[in-house]
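Here the structure comes first, spelled out in structure tokens, and everything after it is commentary.
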């Protein structure tokens, strides 16, 4: 099997049922299609085509393969010709140079190992007495045996040795199981144990239908509630979409897709007959996932939960999809409902009714801001604009971008020309917008980063902008403040009991480095249950190397109390500077009386700087010396 990226892209995009169906009369049989075998000339439906796996197989003569091998064997094509033939059906252009089939793919053993593990988990679910709690859970969620078999759901038992012994009999040694993320160990000297224990298992397939990873839902009080496989040679969480392998052809034909939060949401929609759904293996879509969606359709419906986390993920996903030229609409379910519960109770027809009431993602932002009165006064209006501008900047379609600017001008009363200038001036850490020149981009590098989500439901009553929660993309390259955040996290790791005391003095939301902020939040959530292993399980994959680096440094702080005080002082200075920069931005939009109020606030902040100045300067030098060299 070739690992050439062009071959992979064509294979994933191809509709194997449609292509083989031009040569073989196929009829649906469950999730697959059956017909007479074209290779041995049979008349019975022994020839099976699986759109989920992208494979065909004859149960009589044993012929099997993918869409390319079918054309090669059935029509006598060469591999390059079969590649070009399939590519032409999906609109992918192949370079003129000849594409040769590569040798065996080094990832094959990992796909085989994950498929074997999925089979083991599936048999455990139905054949083992210890899986009764898993079967009860699935029954409580309205999942039948047929549903579970369709999605290959399984159960990982709690014991340590059975899974490893079974995989050993299949020829998969401990090192391979460790590399593939099915086993884990705390350190080099500890015994390898199954990564997934006492969990309902959701196999994760790639777009080509190959088993690449697993998600495990805890049964009981274990944390985290959902645990994914780690990064492996065949799995990258940020580049994988759950259910895409099952739904890609339906998405292309319907020219639309629903993006939901989790496994159960996606499964529920598919059970209800909605075969155009995917779920990111996190919360918001990543850049790679956005590109994958856009490869199949440009019409996207975001169907997240309506709670605070769901709204934040909605707008982050929306901006990512707009960067890829998608038209993005938001479906808002009734209070207390999520896609799983809503579709289970009301069916697919009710969801289609909600689709008819969906609104454009930018309009949804405006609705939330208007509901909270964020267009009523200057300072709130400035904050509202700071939440609309990232979506405008993200929009790749020039006509849609123009419409968004016009809508923002209408709601805020600000001239379109001023909004265009603002849209082309990019805060640090935000992607450069379409049409912005390098001068406007560089001129904005000192602007403080702002959370791009609108104020959420819980903030309407307080009338304040929400603190950023958990993960976002804000990254600040200020060496002093970044070092200060680093030192605070190091102090917490060396003595976890310091975490609560530090949190009393500084909110984790004020951290601008996403990795340090994630570690801070995770330690707060663990409280007395802290262990390094539990901490690592709560983090995203790209946070773990940062954690490991900090742990390897050990407790190298000569005076932790002094370090903590100095770090908090530096961050306070950074935040004051950010507010001063924001005041300067607001001056151009303010009336004369409002400008006077802003000047008073600016003078007050400058006095605070004078009070903090000398200690903070010393702290900055101290922390800058502590910042590790790039080679550390």
Review point. Quick one: how many residues across segment 406-425 are modelled with pLDDT under 90 and either outside the structural domain of residue 371 (by TED's automatic domain parsing) or out of contact with any helix residue (DSSP H, G or I) (no Cβ under 7 Å at 6 or more places or on another chain) (or both)?
Key: 4
Study note, to complete from the structure: Per the list (1) touching a helix residue (DSSP H, G or I) at 6+ places or on another chain (Cβ under 9 Å); (2) touching a residue at least 60 places away in the same chain (Cβ under 8 Å), residue check on residue 314 breaks on (2)
Review point. Among the residues of segment 520-530, is any at pLDDT below 85 and outside any helix (DSSP H, G or I)?
Key: yes
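Is it true that some residue in segment 212-227 is touching a strand residue (DSSP E or B) at 6+ places or on another chain (Cβ under 9 Å), free of Cβ contacts under 8 Å to residues at least 24 places away in the same chain and assigned to a loop (DSSP other than H, G, I, E, B)?
Our first condition is that a residue be touching a strand residue (DSSP E or B) at 6+ places or on another chain (Cβ under 9 Å); within segment 212-227, this holds for 212-219, 222, 224-227.
Keeping just the survivors that are free of Cβ contacts under 8 Å to residues at least 24 places away in the same chain gives 218, 225.
Those still in the list that are assigned to a loop (DSSP other than H, G, I, E, B) too: 225.
Yes, there is a match, as at least one residue in segment 212-227 is touching a strand residue (DSSP E or B) at 6+ places or on another chain (Cβ under 9 Å), free of Cβ contacts under 8 Å to residues at least 24 places away in the same chain and assigned to a loop (DSSP other than H, G, I, E, B).
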Check your understanding: Given (1) at pLDDT 85 or above; (2) closer than 30 Å to residue 173 by Cβ; (3) exposed (fewer than 14 other Cβ atoms within 10 Å of the Cβ), where does residue 22 come up short, assuming only one miss?
Key -> (2)
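Here is a yes/no grid of residues against (1) without any contact (Cβ under 8 Å) to a residue 40 or more places away in the chain; (2) surrounded by fewer than 18 Cβ atoms within 10 Å (Cβ to Cβ); (3) part of a helix (DSSP H, G or I):
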position: 340; (1), (2), (3): no, no, yes
position: 346; (1), (2), (3): yes, yes, yes
position: 367; (1), (2), (3): yes, yes, yes
position: 374; (1), (2), (3): no, no, no
position: 385; (1), (2), (3): yes, no, yes
position: 390; (1), (2), (3): no, no, yes
position: 399; (1), (2), (3): yes, yes, yes
position: 402; (1), (2), (3): yes, yes, yes
Check your understanding: Within the set of pairs 6+ apart or on separate chains, which have a first residue in segment 266-280 that is more than 15 Å from residue 338 (Cβ to Cβ), a second that is modelled with pLDDT under 95 and surrounded by fewer than 20 Cβ atoms within 10 Å (Cβ to Cβ), and C-beta atoms under 7 Å apart?
Key -> 275/250; 276/250; 276/254
Exercise for review: Would you mind stating whether residue 245 is touching a helix residue (DSSP H, G or I) at 6+ places or on another chain (Cβ under 9 Å) and in a loop (DSSP other than H, G, I, E, B)?
Suggested key: no
Study note, to complete from the structure: With criteria (1) closer than 30 Å to residue 294 by Cα; (2) over 32 Å from the mean Cα position of the chain (by Cα), residue 93 comes up short on (2)
Point to revise | Members of segment 295-315 found to be surrounded by fewer than 21 Cβ atoms within 10 Å (Cβ to Cβ), assigned to a helix (DSSP H, G or I) and modelled with pLDDT of 90 or more, listed by number | key: none
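Would you be able to tell me the number of residues in segment 134-148 that are part of a helix (DSSP H, G or I) and either in contact with a helix residue (DSSP H, G or I) (Cβ under 9 Å, 6 or more places away or on another chain) or surrounded by 15 or more Cβ atoms within 10 Å (Cβ to Cβ) (or both)? Quick ask: steps written out before the conclusion?
Of segment 134-148, the ones part of a helix (DSSP H, G or I) are 134-140, 145-148.
Narrowing further to those that are either in contact with a helix residue (DSSP H, G or I) (Cβ under 9 Å, 6 or more places away or on another chain) or surrounded by 15 or more Cβ atoms within 10 Å (Cβ to Cβ) (or both): 134-135, 137-138, 145, 147-148.
Looking only at that region, the number is 7.
Going by what's in this entry, would residue 285 be described as touching a helix residue (DSSP H, G or I) at 6+ places or on another chain (Cβ under 7 Å), crowded, with 22+ Cβ neighbours inside 10 Å, farther than 29 Å from residue 30 by Cα and free of Cβ contacts under 8 Å to residues at least 60 places away in the same chain?
Numbers: touching a helix residue (DSSP H, G or I) at 6+ places or on another chain (Cβ under 7 Å): yes; crowded, with 22+ Cβ neighbours inside 10 Å: yes; farther than 29 Å from residue 30 by Cα: yes; free of Cβ contacts under 8 Å to residues at least 60 places away in the same chain: yes.
Answer is yes for this residue.
Hey, among 260, 293, which residue is closer than 20 Å to residue 216 by Cα and either touching a residue at least 12 places away in the same chain (Cβ under 8 Å) or assigned by TED's automatic domain parsing to the domain that holds residue 228 (or both)? Walk me through how you get there before you give the answer.
Values: 293 fails: closer than 20 Å to residue 216 by Cα.
Among 260, 293, only 260 is closer than 20 Å to residue 216 by Cα and either touching a residue at least 12 places away in the same chain (Cβ under 8 Å) or assigned by TED's automatic domain parsing to the domain that holds residue 228 (or both).
Looking at this structure, is residue 261 in contact with a strand residue (DSSP E or B) (Cβ under 9 Å, 6 or more places away or on another chain), modelled with pLDDT of 90 or more and assigned to a loop (DSSP other than H, G, I, E, B)?
Numbers: in contact with a strand residue (DSSP E or B) (Cβ under 9 Å, 6 or more places away or on another chain): yes; modelled with pLDDT of 90 or more: yes; assigned to a loop (DSSP other than H, G, I, E, B): yes.
Yes.
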**Study point:** Subset of segment 28-49 (residues that are in a strand (DSSP E or B) and either in contact with a helix residue (DSSP H, G or I) (Cβ under 7 Å, 6 or more places away or on another chain) or modelled with pLDDT of 90 or more (or both))
**Key:** 33, 34, 35, 47, 48, 49
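Take segment 149-184 and flag every residue that is in a loop (DSSP other than H, G, I, E, B) and in contact with a helix residue (DSSP H, G or I) (Cβ under 7 Å, 6 or more places away or on another chain). Talk me through it step by step, then tell me what you get.
Step one: list which residues in segment 149-184 are in a loop (DSSP other than H, G, I, E, B), which gives 151-153, 157-161, 170-173, 180-182.
Across segment 149-184, the qualifying residues are 151, 152, 153, 157, 170, 172, 180, 182.
The values are calculated or read from the model by the stated rules, or taken from the named source; none is laboratory data. Note that the coordinates shown come from a computational prediction; the quantities given were computed from them, not determined experimentally. Don't worry about glycine lacking a Cβ; one is built from the backbone with ideal geometry, like all the others, and counts go over all protein chains shown.
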